[in-house]
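To start, the structure itself, in structure tokens.
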Amino acid sequence: MKTFFVSPVGNDKNVGTEREQAFYTLTRARDAVRLAKQSDEFDGACITVLSGKYSMAQGLHLDWQDSGTEEAPVIWKGEGKPIFSGAISIQGFQPVTDPEILARLPKDAAPFVVECDLFAQGVRDFGVFRSRGGGFTLPSHMEFFYKNQRQTLARWPNDGFTRVAGLVPGHINTYEEHGHEQQGSDTHFYFEEDRPLHWKHPEEVILHGYWSWDWADRYIKPVHWDMEKHIVEVESRVGTYDIRTNARFRYINVLEELDCPGEWYADRRSGKLYFWPPDAFEEGYAEVSMLEEAFLTLDHVSHVALEGLAFCSGRATAVEIQGGHHIALRDCHFYNLGSSGVNAVDTTETLLDSCSFANMGDGGITISGGDRKTLTPSGNRITNCDIHHFGEWSRCYCLGISLSGVGIRVDHNSIHDAPQEALHYHGNDHIIEYNDFYNLCQDADDSGATHTGRDWTQRGTVLRYNRVHGVQNLSNADRKVGIVGIYLDDWASGQIVYGNLFEDVFMGVMVGSGRDNLLKQNVFVNCHRAISFDARGLTWAQYYFDGRTNTLFDLLAEIAYEDTPYLQRYPQLASLLEDEPVLPKHNAFLENKVWGCETWIRFVDGMSEEILLLKDNEILPEAPSGWQQRTDLYPALTAGSTLDQNRKTI
């Protein structure tokens with residue numbers, strides 16, 4: 001195998017085949033591998049990336065020319081701690097002396113705030129405050145990091161939210177949504193507080209809110225303020241949903257609100273960055289994110305591996321994978337990113353093993369692959385990863401893991417400490433097992449640690465031996481529905497939920513009117529509610545069956561469900577339309593243990609026990625002593641990521 005070396009103190013004029021003669025850039029190493037592949041004796045290549053920090057002004061693009069083969073793979077391997085950074089260091093911080101700025105700062109903050117000149121250091125691209133959130137993954141604006149920690153853009157309120165005071169006559173929309181008549185506005189609302197009246201540049205403010213529902217957030221930009229009437233007009237439109245009265249939101253990017261340690265503000269006119277350090281300020285630890293593209297793009301490559309590499313402080317998704325097969329990421333680390341870690345689209349036999357994702361602006365991993373028409377599995381797998389503190393900018397539906405396609409395995413991962421959900425999946429025949437989900441949905445409502453739904457044909461997924469704990473109603477959300485461990489929402493059908501452990505969870509499992517679901521040998525401990533079944537199509541969701549919304553029937557028609565392979569794999573689909581599809585039939589709740597839960601089962605929206613198979617469930621007022629040590633009986637106790645030959649640290 002041919003070996004090349006890359007070093008942060010290398011030189012692209014070097015031969016690259018020895019440590020002391022290492023290349024300086026990944027691009028030079030890529031080109032050397034391309035040249036080596038022209039030899040008939042090529043038996044693979046290992047690009048050893050030596051320890052140190054690599055400041056990336058642009059990303060590396062790999063395509064079919066950079067592929068390996070099964071016998072001759074191409075491996076990009078870190079040695080020591082190589083870190084690819086999308087940030088640049090900034091310095092020259094001094095106390096603020098400008099009287100105008102001091103007058104704008106809160107009096108208690110002014111003595112502690114320091115400033116530096118970004119323009120003088122060549123920083124002029126502050127990025128764009130895009131309308132993000134609600135599942136949209138886009139590059140972030142410029143972020144500021146100090147001592148390797150993301151700092152907080154000056155805001156009000158610092159904790160919690162303020163509320164939309166009302167809607168403005170002449171700008172109110174009346175419409176039907178989720179079966180009910182609603183009123184909202186996509187452009188105007190009243191604000192209650194007087195604080196904006198004292199801001200010098202309110203046109204620079206960004207508004208972040210849960211404008212209609214506590215599971216859909218969005219960042220929006222004001223376009224006009226009427227300070228006398230307390231009216232703000234925003235760009236149209238804010239997202240899928242309108243702005244409603246009493247919706248919670250906050251103001252961001254306001255110098256006058258820089259009022260606590262860790263907050264910062266960048267003046268795009270003067271190029272000055274203002275910062276209240278959390279402790280005595282030290283030079284050499286401040287940096288701003290600049291790279292607005294992926295560090296690595298793998299475009300239809302095969303038999304390529306990334307091992308032992310770290311990516312931080314970029315604005316965009318770190319690694320983009322488009323197509324290709326037999327791609328592996330092992331022991332790679334992603335942190336302090338403005339967007340997401342890995343986005344792998346239409347790929348097969350792709351592996352993420354023993355990677356970590358932390359402090360992400362959006363999510364961790366998005367992956368798709370396989371063929372839903374033929375039910376051909378993708379062979380993709382995510383295993384032994386630790387994914388936490390994601391959704392730090394986009395709070396909803398920017399997930400730890402997002403799956404779509406067929407046959408993806410997600411196992412032995414730890415996903416935790418996030419404002420909303422850990423895992424959202426679509427498609428068929430996934431295996432989701434031995435994962436540890438905890439401290440989730442901390443700032444949302446009507447959400448679950450895992451979530452799927454709204455398609456009768458997306459069947460065959462097995463969720464087994466997962467542990468869900470500490471998933472409770474904790475946040476500022478208004479809590480109309482509550483938080484769920486495994487959420488089979490909106491007619492999710494044909495799912496197998498087996499051997500999972502739910503401990504200290506508001507609601508263990510919700511079956512939202514789906515069919516053919518099996519819930520067996522799960523354990524529910526100290527939950528508010530173990531299980532909820534509903535028949536929403538009979539009540540508030542009738543519009544899915546009366547012709548107003550044809551989503552379920554349209555998705556069914558797109559699949560040849562009366563022919564192979566669907567007829568063979570999911571025979572229940574063939575008779576669904578003749579079997580009262582509005583009713584959640586053929587669900588089973590068998591051999592489960594419910595210990596110390598306030599309510600063990602709930603039926604709502606016309607659901608009744610008569611159309612559910614309930615058998616051999618154990619209901620006890622408290623958990624038996626010593627159950628936590630019985631991993632032989634409850635394998636979910638062993639769920640989560642561990643140290644192994646690939647995972648050196650957690």
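The values are calculated or read from the model by the stated rules, or taken from the named source; none is laboratory data. Nothing here was measured: the structure is a model prediction, and the numbers come from that model. Neighbour counts run over all protein chains shown; Cβ positions are idealised from the backbone, glycine included. The protein model used for the area step is the full one, side chains on, heavy atoms only, and it has no ligands, DNA or RNA in it. Shrake-Rupley method; radii C 1.70, N 1.55, O 1.52, S 1.80 Å.
The table that follows gives values for the structure above.
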| item | result |
| --- | --- |
| Of all residues making up segment 242-291, the number that are of a type in the set (K, R) and either in contact with a strand residue (DSSP E or B) (Cβ under 9 Å, 6 or more places away or on another chain) or part of a strand (DSSP E or B) (or both) | 4 |
| Check on S368, surrounded by fewer than 24 Cβ atoms within 10 Å (Cβ to Cβ), of a type in the set (G, A, S) and at pLDDT 95 or above | yes |
| Test: residue in segment 110-131 that is closer than 16 Å to L258 by Cα, open to solvent by 80 Å² or more (accessible area, probe 1.4 Å), free of Cβ contacts under 8 Å to residues at least 24 places away in the same chain and among the aliphatic types (A, V, I, L, M) | no |
| Residue count, segment 331-353 (criterion: part of a strand (DSSP E or B), open to solvent by less than 10 Å² (accessible area, probe 1.4 Å) and over 14 Å from G405 (Cα atoms)) | 5 |
| Extreme residue, nearest to Y146 (Cα to Cα), among residues of segment 307-322 that are of a type in the set (A, V, I, L, M, F, W, C), under 19 Å from the mean Cα position of the chain (by Cα) and crowded, with 24+ Cβ neighbours inside 10 Å | F311 |
| Sole residue being under 24 Å from the mean Cα position of the chain (by Cα) and in contact (Cβ under 8 Å) with a residue 40 or more places away in the chain, chosen from G494, G508 | G508 |
| I415 open to solvent by 20 Å² or more (accessible area, probe 1.4 Å), touching a residue at least 12 places away in the same chain (Cβ under 8 Å) and of a type in the set (A, V, I, L, M) | no |
| Candidate set: segment 141-176, residues that are farther than 25 Å from P196 by Cα and either at pLDDT below 95 or basic (K, R) (or both); chosen: the one surrounded by the fewest Cβ atoms within 10 Å (Cβ to Cβ) | T174 |
| Criterion: more than 23 Å from T638 (Cα to Cα), open to solvent by 10 Å² or more (accessible area, probe 1.4 Å) and aliphatic (A, V, I, L, M) - qualifying residue of V481, V511 | V481 |
| Failed condition for S532, given (1) outside any strand (DSSP E or B); (2) among the small types (G, A, S); (3) within 16 Å of M607 (Cα to Cα) | (1) |
| Flag for D242 being open to solvent by less than 50 Å² (accessible area, probe 1.4 Å), touching a Cys at 6+ places or on another chain (Cβ under 9 Å) and not aromatic (F, W, Y) | no |
| Matching residues in segment 552-581 - criterion: being among the polar types (S, T, N, Q), more than 23 Å from I611 (Cβ to Cβ) and surrounded by 14 or more Cβ atoms within 10 Å (Cβ to Cβ) | none |
| Output for segment 40-76, where each listed residue is over 21 Å from K13 (Cα atoms), open to solvent by 60 Å² or more (accessible area, probe 1.4 Å) and of a type outside the set (V, I, T) | D40, E41, D43, W64, Q65, E70, E71 |
| Hey, T457 open to solvent by 10 Å² or more (accessible area, probe 1.4 Å) and either touching a helix residue (DSSP H, G or I) at 6+ places or on another chain (Cβ under 8 Å) or β-branched (V, I, T) (or both) or not | no |
| Unique match (being of a type in the set (V, I, T) and within 30 Å of N550 (Cβ to Cβ)) among T152, T162, T174 | T174 |
| Which listed residue is farther than 30 Å from V114 by Cβ, touching a residue at least 40 places away in the same chain (Cβ under 8 Å) and aliphatic (A, V, I, L, M), from V301, V319, V288, V254 | V301 |
| Qualifying residue in segment 623-631 (condition: under 34 Å from the mean Cα position of the chain (by Cα), crowded, with 20+ Cβ neighbours inside 10 Å and either hydroxyl-bearing (S, T, Y) or closer than 14 Å to C527 by Cβ (or both)) | no |
| Selection status of P584, under 24 Å from V509 (Cα atoms), in a loop (DSSP other than H, G, I, E, B), open to solvent by less than 80 Å² (accessible area, probe 1.4 Å) and in contact (Cβ under 8 Å) with a residue 60 or more places away in the chain | yes |
| In segment 587-617, residue most open to solvent (accessible area, probe 1.4 Å) [restricted to those that are in a loop (DSSP other than H, G, I, E, B) and charged (D, E, K, R)] | E598 |
| Out of T642, T638, T549, sole residue that is under 30 Å from K81 (Cα atoms), touching a Phe, Trp or Tyr at 6+ places or on another chain (Cβ under 8 Å) and open to solvent by 30 Å² or more (accessible area, probe 1.4 Å) | T638 |
| Wholly enclosed strands (runs of 3 or more DSSP E) of segment 64-170 bearing at least 2 residues among the aromatic types (F, W, Y) | 144-146 |
| Matching option when the condition is closer than 20 Å to E257 by Cα and touching a strand residue (DSSP E or B) at 6+ places or on another chain (Cβ under 9 Å), among L50, L105 | L105 |
| Number of positions in segment 418-448 that are open to solvent by 10 Å² or more (accessible area, probe 1.4 Å), out of contact with any Ser or Thr (no Cβ under 9 Å at 6 or more places or on another chain) and part of a loop (DSSP other than H, G, I, E, B) | 2 |
| Subset of segment 218-272 that is modelled with pLDDT under 95 and aromatic (F, W, Y) - its residue that is nearest to V96 (Cα to Cα) | Y219 |
| Cross-chain or 6+ apart pairs with Cβ under 6 Å, segment 538-559 first and farther than 18 Å from D579 by Cβ, then open to solvent by 50 Å² or more (accessible area, probe 1.4 Å) | T539/G606 |
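Yes/no matrix, rows are residues, columns are (1) over 14 Å from L399 (Cβ atoms); (2) within 11 Å of the chain's Cα centre (by Cα):
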residue: G324; (1), (2): yes, no
residue: R330; (1), (2): yes, no
residue: G341; (1), (2): no, yes
residue: C355; (1), (2): yes, no
residue: D362; (1), (2): no, yes
residue: I367; (1), (2): no, no
